Amino acid sequence: MSQAIDYYFSLPSPWAYLGHGPFAELVSAYDLKVNYKPVVLVELFAETGGMPLGKRHPARQRYRMLELQRWRAKRGLDFHLHPKHWPFDSRLADGVVIAACEDGRDPDGFLRRAYAAVWEAELDLADPATLIELADQARLPGAALVERAASAAIGGIYDQNRQDAIAADVFGSPAYVLNGEVFWGQDRIALLADALKSGRAPFHWQAV
């Protein structure tokens, strides 16, 4: 039986974009069952002590730019550090992922295109027409998924994902939860790979 892993992310996250390819390779190598769980990052930050980018100290903002450049080189990617349509309201784009999953469809092809659309092509993922085109390119029913993504039912799942994230001690994007153990950040994928390879029992938080 395939192991299940919860994948918390949001499409505006550059770190989720940087990590998606390597994560997908692990999914394939270990035949993982992925529970895709998009979350509203601003709300998640607010409830877990994080701060939106614009409110962080300038030193933290400058360091973020260094890290983006380092990981851009490390991953061999070519993307804009300040894409034209970023930040954007992620609800509709994230909702397409949820709608696809609810329809029993694999959202990976859409995610790959959507991440690249933001950071490489500088497209507007708050635009329904753009999302329809990206979904269609991934051989998904774009118009139907975008329409459903705006529904109250999908909004309810989106909110539940946030509650699930908080209950799982997830506070940022991307986060991968394997057997209750949280691996936060695309720079923890190597550690996630180690856990999968060894088959070890999950590590848990312990009070000092």
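Quick notes on this structure:
- Where helices (runs of 4 or more DSSP H) fall entirely within the stretch 71-162, those with at least 3 residues that are among the charged types (D, E, K, R) are at 91-102, 108-119.
- Odd one out for I166 among (1) β-branched (V, I, T); (2) modelled with pLDDT under 95; (3) crowded, with 19+ Cβ neighbours inside 10 Å: (3)
- Listed conditions (1) outside any loop (DSSP other than H, G, I, E, B); (2) surrounded by 12 or more Cβ atoms within 10 Å (Cβ to Cβ); (3) at pLDDT below 85 are all met by V27, apart from (3).
- Matching residues, the stretch 186-200, being among the small types (G, A, S) and modelled with pLDDT under 95: G199
- Close pairs from the stretch 58-83: first exposed (fewer than 11 other Cβ atoms within 10 Å of the Cβ), partner of a type outside the set (F, W, Y) and part of a helix (DSSP H, G or I), Cβ under 8 Å, at least 6 apart: D78/R72
- Within the stretch 163-208, the set of residues being among the aliphatic types (A, V, I, L, M), within 26 Å of D94 (Cα to Cα) and not in a helix (DSSP H, G or I) comprises A168, V170, A175, V177, L178, V182.
- Qualifying residues in the stretch 30-57 (those that are basic (K, R) and modelled with pLDDT of 90 or more) - the one surrounded by the fewest Cβ atoms within 10 Å (Cβ to Cβ): K33
- Within the stretch 133-157, residues that are over 19 Å from Y115 (Cα atoms) and in contact (Cβ under 8 Å) with a residue 12 or more places away in the chain reach partners that are among the β-branched types (V, I, T) and surrounded by 14 or more Cβ atoms within 10 Å (Cβ to Cβ) with beta carbons closer than 8 Å, at six or more positions or on different chains, in the pairs R148/I154; I154/I98; I157/I98.
- Within the stretch 115-137, being buried (at least 20 other Cβ atoms within 10 Å of the Cβ) and in contact with a Phe, Trp or Tyr (Cβ under 9 Å, 6 or more places away or on another chain) holds for Y115, V118, W119, L125, L131, L134, A135.
- Considering residues of the stretch 91-107 that are over 11 Å from the mean Cα position of the chain (by Cα) and not hydrophobic (A, V, I, L, M, F, W, C) only, the residue nearest to L18 (Cα to Cα): P107
The values are calculated or read from the model by the stated rules, or taken from the named source; none is laboratory data. Note that this is a predicted model, so its numbers are computed, not measured. Note: ideal-geometry Cβ built from the backbone for every residue, glycine included; neighbour counts use all protein chains shown.
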